[in-house]
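Asker: My questions all concern the structure below.
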Amino acid sequence: MAAAPLTSSPWLGAARAAKLEKVRALAAAPTPTQQDADKRLFLSQLKETHQRDDFVRYG
């Protein structure tokens, strides 16, 4: 469930709301470590050699 955008909050100034929205987006983004773990998990589930090769080659 996505949170409501902070820019619509009546209690925050527009500049502060925009800054907090940017921080929230960065915090929600997957980290490089998580991305690597996701790639390894997906790669481990591919059984066919050509599928693994394609994934390694093209991501």
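Asker: For segment 44-55, what does the Karplus curve 6.51 cos²θ - 1.76 cosθ + 1.60, with θ = phi - 60°, yield as ³J(HN,Hα) per residue in whole Hz, taken in order and with x for Gly and Pro?
Answerer: Per-residue couplings from phi come out as 5, 8, 7, 8, 7, 4, 5, 5, 5, 4, 5, 5 Hz.
Asker: Separate question: On a straight-distance basis, which lysines could pair with Lys39 in a cross-link, Cα separation under 29 angstrom, same-chain partners fewer than 8 positions away excluded?
Answerer: List returned: Lys22, Lys47.
Rule-based calculations on the coordinates, nothing more; no lab input. Note that the structure is a prediction, hence the values are computed from the model and not measured.
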